[in-house]
Amino acid sequence: MSARVNWTGYKTIVHKEVTRILRIWAQTVVPPAITMTLYFVIFGNLIGRRIGDMGGFDYMQFIVPGLIMMSVITSSYGNMVSSFFGAKFGRHIEELLISPLPNWVILAGYVTGALARGMMVGLVVMIISLFFTRVEIQHPLIMVSVLLMTSIVFAMAGMVNAIFANKFDDIAIVPTFILTPLTYLGGVFYSISLLPEFWQKVSVFNPILYMVNGFRYGILGVSDVDITYAYAIMGVFGILLASTCLYLLHRGIGLRS
Amino acid sequence: MYALEVSNLKKTYANGVEALKGVSLNVEEGDFFALLGPNGAGKSTLIGIISSLVNTSSGDVSVFGTSVQQQRSKAMSHIGLVPQELNFNQFERPLEIIVNQAGYYGISRKVATVRAEKYLRQLQLWEKHDKPSRLLSGGMKRRLMIARAMVNEPRLLILDEPTAGVDIEIRRSMWEFIREINDNGTTVILTTHYLEEAEELCRNIAIIDHGEIVQNTDMKSLLATLDIETFVLDIRDPVTALPEVEDVEFKMRDETTIEASLPKRTSLNVLFSALDSAGMQVLSMRNKANRLEELFLRLVEKGTMT
């Protein structure tokens, strides 16, 4: 197919996804804003004042990057899994499956949609954080690149979940039992240097730890892990998940009989 | 070049159901082709494979010379599909649905919007273009799927029971629309349970049963094999007993209406003599309209379709 067809198809999927996000803004943008406001008030303000400094910053400043990253991860994953599974469940995914668009365009379109929601939510949470504290961004390029890569990785993970899901319960299992625990244990609220040695060693197997710390390094200039590892892990996960998504779409698993 | 070439197509689902057992058929470019068969015969599986929604077990499908298996994207650019089940996002609006579908075929929003308006108007849906599609009636939803399938102006339009559950007035207007599309050069493949519809519209026909093609011919030849005609007769007084005549089969519809089936070679005078002798006065008489249905049922009843 010509590049023009692919480009128009890609733009159409993105347009459709962004329209959907904005149409149901009360479900897509408002809930993370409320949740994160509560985190800032309760953990950052009320409890944080008693905690004192962490990593050389006051506790409120320390948790800002983690909370932004947490909302971006949840939103990117959630957007992909709900939109793609919704399309599969309602059978309107067939509109795309019978079209001439190649699978990589379908993947790119949906990932961009999820990225758009992740960035919207991330921006909203960042703005909310300004009501509680001020941070000076140390490495803007690292901050943006880590945010984009994380969002893309979790969007693709969401697609794998949606492809295998057969009912709505199936799209809640991964976020509830895997994503949320890994995010909470990924250094959003604490530096792993506070953990006993054993749990520090366990924590290094959590990929979200690298993403949160990479982003924190971009904003605050401090990290519990080597930033190079953060990029390497995101790169490896990105390639693995992109290959998996394309393979599943090519074989039509969960989509074509 | 054929619009559609299906060769020795087989499909066995993961649960072991053998839906297609080596189907082969060709559809000429510009044809209006009926694909008929009872429920579960394999029609939707065949359409699913042509439109790439179902994977093949073996065999080939080509659309205008392009293999669906080898060059899926190119083959799909020729096809428009109206599926049996509703498959659009019911939270979106008709115009949005059609314009988005056009985008998947590389058509710009500007061109797509013009085309969407054209087809929505032709299908009498324009006044609903901005209403949530879940609020449309069943017939409107089916017409929306036809408009959506036409937006890429396909060379091959596949309609899988497009008029199911649609009232006769709307059904006839849909026939006109589809006939016009065919007159303009689009090849049309139609599956339907309204055999009157197939007889009215289609030039060629394939009948599929238990995953095999059991008839594949032109409509005229098929109907010519029907050597029995059925007439519907309105009788003045209530009928208490049906006459017995050699070669004529009578059936009661209601107390003053009967059906008489007789071979074409039998004179109608024989029928009228028998009715006269039985004291029945015929007020009116008409040919039973749906000859194809009759043939279809006879084929099934005789066990021809195994």
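Bear in mind these aren't lab numbers, they're just calculated from the coordinates by the rules spelled out. All values derive from a computational prediction rather than experimental measurement. Here Cβ is always computed from backbone atoms with ideal geometry, including for glycine, and neighbour counts include all displayed protein chains.
Let me know the mean shielding of B:104-112 by other chains, meaning the per-residue number of their Cβ atoms within 10 Å of its Cβ.
Rounded to a whole number, the mean comes out at 6.
Taking the Cα atoms of the protein assembly as shown alone, what are Rg (to one decimal) and Dmax (as a whole number) in Å?
Values for the protein assembly as shown (Cα only, Rg and Dmax): 31.7, 113 Å.
Rounding to the nearest 20 debye, state how big the charge dipole of the stretch B:2-224 is about its Cα centre with +1 on each Lys and Arg Cβ and -1 on each Asp and Glu Cβ.
Dipole size: approximately 840 debye.
Rg (Å, one decimal) plus Dmax (Å, integer) for the alpha carbons of the stretch B:28-77?
For the stretch B:28-77, the Cα-based Rg and Dmax read 11.7, 32 Å.
What is the projected area of the convex hull of the Cα atoms of the stretch B:2-224, averaged over all directions, in nm²?
In nm², the orientation-averaged hull projection of the stretch B:2-224 is 11.9.
If you count, for every residue in A:250-257, the Cβ atoms of partner chains within 10 Å of its Cβ, what is the mean?
Across A:250-257, the average partner-chain Cβ count within 10 Å equals 3.
Using 7 Å Cα-to-Cβ label points, what is the A:Arg91/B:Glu29 separation (nm, one decimal)?
Roughly 3.3 nm, to one decimal.
Determine, at each q value in 0.11, 0.13 (inverse angstroms), the log₁₀ of I(q)/I(0) that the Debye formula gives when each Cα of the stretch A:136-257 is one equal point scatterer.
The computed values of log10 I(q)/I(0) come out as -0.44, -0.59.
Within the protein assembly as shown, what percent of beta bridges assigned by DSSP are antiparallel, to the nearest 5?
Of those bridges, close to 70 percent are antiparallel.
Dipole size in debye (nearest 20) for chain A around its Cα centre, Lys and Arg Cβ +1, Asp and Glu Cβ -1?
Using Cβ point charges on Lys, Arg, Asp and Glu, chain A gives about 700 debye.
Please compute the modelled spin-label separation between A:Tyr229 and B:Leu268, points set 7 Å along Cα→Cβ, answer in nm with one decimal.
9.5 nm
Can you check how the C-alpha radius of gyration of the stretch A:3-251 compares to 2.2 N^0.38 Å, as a plain ratio?
Its radius of gyration relative to the 2.2 N^0.38 Å reference: 1.03.
What FRET efficiency comes out for A:Arg49 versus A:Leu22 if R0 is 35 angstrom and r is the Cβ-Cβ distance? Round to the nearest 0.05.
According to the calculation, E is roughly 0.40.
Compute the Rg to Rh ratio over the stretch A:1-108 from the alpha carbon atoms, using the Kirkwood formula for Rh, and round to two decimal places.
Here Rg/Rh amounts to 1.18.
Given springs between every Cα pair under 10 Å in a Gaussian network model of chain B, which of B:Leu222, B:Leu53, B:Leu156 has the largest fluctuation?
Maximum fluctuation in the GNM of chain B, among the listed residues, is at B:Leu53.
If packing is taken as the mean number of other Cβ atoms within 10 Å per residue, what is the order of B:57-64, B:78-85, highest first?
Ranked from most to least packed, the peptides come out as B:78-85, B:57-64.
Considering the stretch A:1-54, what Rg and Dmax in Å follow from its alpha-carbon atoms?
Rg then Dmax for the stretch A:1-54, in Å: 20.1, 61.
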